[in-house]
1. Quick test for you: out of Gly133, Gly120, pick the one residue that is modelled with pLDDT under 95 and either in a strand (DSSP E or B) or surrounded by 12 or more Cβ atoms within 10 Å (Cβ to Cβ) (or both).
2. Please go through segment 62-90 and give me each residue that is over 25 Å from Thr178 (Cα atoms) and either part of a strand (DSSP E or B) or not β-branched (Val, Ile, Thr) (or both), ordered by number.
3. Kindly indicate which of Arg59, Arg15 is touching a residue at least 12 places away in the same chain (Cβ under 8 Å), surrounded by 14 or more Cβ atoms within 10 Å (Cβ to Cβ) and in a helix (DSSP H, G or I).
4. Taking segment 102-116 as the search range and keeping residues that are open to solvent by 70 Å² or more (accessible area, probe 1.4 Å) and over 13 Å from Leu165 (Cβ atoms), which one is nearest to the chain's Cα centre (by Cα)?
5. Determine which single condition Ala172 fails, assuming it passes every other condition in (1) open to solvent by 20 Å² or more (accessible area, probe 1.4 Å); (2) under 24 Å from Arg124 (Cβ atoms); (3) at pLDDT below 95; (4) within 14 Å of the chain's Cα centre (by Cα).
6. Pairs please, first residue from segment 176-193 and in contact (Cβ under 8 Å) with a residue 60 or more places away in the chain, second anywhere and part of a helix (DSSP H, G or I), Cβ atoms under 6 Å, 6+ apart in sequence or on different chains.
7. Hey, can you tell me all the residues within segment 34-51 that are among the polar types (S, T, N, Q) and open to solvent by less than 50 Å² (accessible area, probe 1.4 Å)?
Amino acid sequence: MDVMAKTSTTTQGLRAAIERSGYYPALVAEAVEAAVGGEPIRSFLVHQETTFDQNEVRRHVTVLVLTGNRFIVSHTDEQSADSTSPTPYATTSTESVKLGRISSVVLSRVVANPESYAPGTLPREVVLTIGWGAVARIDLEPAACGDPNCEADHGYTGNSTADDLSLRVSEAGDGPETVRETLAFAQSLSEATADVPR
């Protein structure tokens, strides 16, 4: 299969995955396709999650796309009518990150019965965390010395963690195929960032 045919298949696969999610597919596809432009798609992941906010059900879809040069993140959320809009509405955002800016790709796997784990067994859940320096979380706490009677102010201590994107996928909630797709996307992204000169 030539590169053009493979790219066309990948683009069609992305659109089909967006349509399968059933979450405003025309809106989501248009935003993602505009961000991707004419670049060939190497890998993608579509993840929909539903949350419960008091008496409301809210849906959110995340689309991750890997091209030869960029990592593209798209988020779409639905909102109920409020003081700014008399009708329900959706918000879609896309961010395009050069592969050279990605500083970390962390994949955490949760497996059942680790004592009998066999290579190739699908994890029960995975958490994919990607950092590129746009968002950092700072956790601070009062610093202390070893003296329990000390009343001096020792300032604060803490750490800063890159936390641009964190995506949790479970076999029970999302299905085994989504877990497989997340593992495959994480591997593609890790490999792509390893190939980028720093």
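The values are calculated or read from the model by the stated rules, or taken from the named source; none is laboratory data. The structure presented is a predicted model; accordingly, all values stated were derived computationally and were not measured. As a convention, Cβ positions derive from the backbone with ideal geometry for all residues, glycine included, and neighbour counts pool all protein chains shown. Heads up: the accessible areas ignore ligands, DNA and RNA and are worked out on the full protein's heavy atoms, side chains in. Shrake-Rupley method; radii C 1.70, N 1.55, O 1.52, S 1.80 Å.
1. The unique qualifying residue is Gly133.
2. Correct list: Gln79, Ser80, Ala81, Asp82, Ser83, Ser85, Pro86, Pro88, Tyr89.
3. Sole residue among the options that is touching a residue at least 12 places away in the same chain (Cβ under 8 Å), surrounded by 14 or more Cβ atoms within 10 Å (Cβ to Cβ) and in a helix (DSSP H, G or I): Arg15.
4. So in segment 102-116, the residues open to solvent by 70 Å² or more (accessible area, probe 1.4 Å) come out as 103, 109, 113-116.
Checking which are over 13 Å from Leu165 (Cβ atoms) leaves us with 109, 113-116.
Values: Arg109: 15, Asn113: 27, Pro114: 26, Glu115: 30, Ser116: 30 Å.
Going through the qualifying residues, I end up with Arg109.
5. Failing condition for Ala172: (4).
6. Ala192/Leu99; Thr193/Leu99
7. Here is the first cut: in segment 34-51, the residues among the polar types (S, T, N, Q) are 43, 48, 50-51.
Once the filter is applied, which keeps residues that are among the polar types (S, T, N, Q) and open to solvent by less than 50 Å² (accessible area, probe 1.4 Å), segment 34-51 yields only Ser43.
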